[in-house]
Amino acid sequence: MSGNPLSYNKDFINTECPRCNGKAKRETDTLGGFMDSSWYFLRYCDNKNREKPFDSKKVDYWLPVDQYIGGIEHAVGHLMYARFLTKFLKDIKMLNFDEPFTKLFNQGIVYKDGYKMSKSHGNVVFQTDISEKYGIDTARLFLMFVSSPDKQMEWTSEGVEGSFRIINRLIRLKEKIKNETKPIQENKIHSTIKKVSENIENFEYPKAIIPMTDCLDSLSESISKKNYEILLKLFHPFCPHITEELWHDLGNKTFISLEKWPKVDNSKINENLEKQEQAIEKTIQDINNIIKIMKEKKQAPKKVYLYTIPNELNTYKDNLPKLQKSINIPISLFAVNDKNKFDPQNKAGKAKPGKPAIYLE
């Protein structure tokens, strides 16, 4: 027997009209299509059972679902029926819970050229359009980077290019692996693990990717093999193909997808190093602002001079490669008490803790 079992039940089909008492037939297609999918999650727990829909003990072990993810169009269809049926089954003692899904997360919609991406609008970007030029990991990273998964987003070719550059920086970093590591590197890696883990847990994927890209910038000159492997694991949910390949390039025989998620070691997170990093970022921002002002005045800066308080000199020396890369202009670094410093405008006297003085020529 196949199809709707009611269509084979003559006692159900053949009846009398309640108005004229004449012969009548009952409708056998009595439930909407969504009703068919309103209990699949219960059957998943015991899909080989031939005696009854499911074993209650198995369902009690696996359910309710911790997190449901789906499009918002499911709210009035599938989800409404699933909740109704679950509550009914609880009333007749087949279940011990009355909500099938503990948490709900609705996905957003992708737009292009101001319209919802669809074939009817002729604005669909096919996977092959991206994969053939950039690789599919680029598309995945772009989608997660530019918008939260529950928000609508606008597709841009520039954003795809940016994601492609991030992946290439990750690839190039493999050539900078060294046997040594420093406290500042350990601090960066473990603070990144903490931020990424928390943001993924909260479905805040753009916030998860930002610290990973910051980590790439900070460790662009040197990284230990162990920390590079950790970075690959963090990128893996977003770029599974290239990270798997890089993982094997390092000599690993296992699949990175089967590796354990990195654990944060809070003892390696140093608040002082965090503050130092923030100071470096602020210095880069200040220098770029000065460069922008000079260019508006038709002046072309050729060199940057930084003057730090003595006990911060080594911090800026350690971060000089990052400063140099971000500014792209030669930088000379002095302590304010250096008698041989070049300081034609006496800028050194304006240096403060965490805020070096700046002179451009």
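The values are calculated or read from the model by the stated rules, or taken from the named source; none is laboratory data. Because the structure is a prediction, the values reported are computed rather than measured. Reconstructed Cβ throughout: ideal geometry from the backbone, glycine too, with neighbour counts over all protein chains shown.
Checked against the criterion of being out of contact with any helix residue (DSSP H, G or I) (no Cβ under 6 Å at 6 or more places or on another chain) and assigned to a helix (DSSP H, G or I), the candidates LYS260, LYS292, LYS298 yield just one match: LYS292.
Of the listed requirements (1) buried (at least 19 other Cβ atoms within 10 Å of the Cβ); (2) over 30 Å from the mean Cα position of the chain (by Cα), ILE280 misses just one: (2). Residue pairs whose Cβ atoms lie under 9 Å apart, sitting 6 or more positions apart in sequence or on different chains, and linking a residue in segment 134-153 that is in the same structural domain as ALA208 (by TED's automatic domain parsing) and on the phi > 0 side of the Ramachandran plot to a partner that is modelled with pLDDT of 70 or more and crowded, with 18+ Cβ neighbours inside 10 Å, are GLY135/PHE164; GLY135/ILE167; GLY135/CYS239; GLY135/ILE242.
Every test in (1) buried (at least 16 other Cβ atoms within 10 Å of the Cβ); (2) not assigned by TED's automatic domain parsing to the domain that holds ASP137 is passed by PRO211 save one, and that test is (2). Against the criterion of being outside the structural domain of GLU244 (by TED's automatic domain parsing), basic (Lys, Arg), at pLDDT 90 or above and surrounded by fewer than 16 Cβ atoms within 10 Å (Cβ to Cβ), LYS303 qualifies.
Residues checked against (1) closer than 20 Å to SER218 by Cα; (2) modelled with pLDDT under 95; (3) of a type in the set (Lys, Arg):
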{"position": "LYS233", "(1), (2), (3)": "yes, no, yes"}
{"position": "THR254", "(1), (2), (3)": "no, no, no"}
{"position": "LEU258", "(1), (2), (3)": "no, no, no"}
{"position": "GLU271", "(1), (2), (3)": "yes, yes, no"}
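Looking only at segment 306-361, which residues are charged (D, E, K, R), without any contact (Cβ under 8 Å) to a residue 60 or more places away in the chain and more than 14 Å from THR283 (Cβ to Cβ)? Residues satisfying the conditions are ASP338, LYS339, LYS341, ASP343.
All conditions but one from (1) surrounded by 13 or more Cβ atoms within 10 Å (Cβ to Cβ); (2) in contact with a Cys (Cβ under 9 Å, 6 or more places away or on another chain); (3) outside the structural domain of ALA75 (by TED's automatic domain parsing); (4) not polar (S, T, N, Q) apply to LYS58; the one that does not is (3).
Listed by position, the strands (runs of 3 or more DSSP E) inside segment 1-97 whose residues that are touching a residue at least 24 places away in the same chain (Cβ under 8 Å) and in contact with a strand residue (DSSP E or B) (Cβ under 8 Å, 6 or more places away or on another chain) number at least 1 are 68-71. Of everything listed in (1) touching an Asp or Glu at 6+ places or on another chain (Cβ under 6 Å); (2) touching a residue at least 60 places away in the same chain (Cβ under 8 Å); (3) among the β-branched types (Val, Ile, Thr); (4) more than 17 Å from LEU141 (Cα to Cα), the single unmet condition for ILE256 is (2).
Counting only residues that are touching a helix residue (DSSP H, G or I) at 6+ places or on another chain (Cβ under 8 Å) and part of a helix (DSSP H, G or I), segment 326-361 holds 2 of them. Scanning segment 117-136 for residues that are in a helix (DSSP H, G or I) and at pLDDT 80 or above returns a single hit, ILE136.
Of all residues in segment 219-252, exactly one satisfies the criterion of being touching a helix residue (DSSP H, G or I) at 6+ places or on another chain (Cβ under 6 Å), surrounded by fewer than 21 Cβ atoms within 10 Å (Cβ to Cβ) and either among the polar types (S, T, N, Q) or free of Cβ contacts under 8 Å to residues at least 12 places away in the same chain (or both), namely SER222. If you check SER197, SER224, SER218 for being among the small types (Gly, Ala, Ser) and touching a strand residue (DSSP E or B) at 6+ places or on another chain (Cβ under 8 Å), only one passes: SER224.
No other residue among THR254, THR181, THR213, THR192 is in contact with a Cys (Cβ under 6 Å, 6 or more places away or on another chain) and not basic (Lys, Arg) apart from THR192.
Listed here are the residues, each with its yes/no results for (1) over 30 Å from ASN266 (Cβ atoms); (2) modelled with pLDDT under 80; (3) surrounded by 16 or more Cβ atoms within 10 Å (Cβ to Cβ); (4) in contact with a Lys or Arg (Cβ under 8 Å, 6 or more places away or on another chain).
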{"residue": "TYR115", "(1), (2), (3), (4)": "yes, yes, no, no"}
{"residue": "THR138", "(1), (2), (3), (4)": "yes, no, yes, no"}
{"residue": "GLU161", "(1), (2), (3), (4)": "yes, no, no, no"}
{"residue": "PHE164", "(1), (2), (3), (4)": "yes, no, yes, no"}
{"residue": "ASN168", "(1), (2), (3), (4)": "yes, no, no, no"}
{"residue": "LYS176", "(1), (2), (3), (4)": "no, no, no, no"}
{"residue": "THR181", "(1), (2), (3), (4)": "no, no, yes, yes"}
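Taken together, the residues in segment 53-79 that are over 26 Å from the mean Cα position of the chain (by Cα) and acidic (Asp, Glu) amount to 2.
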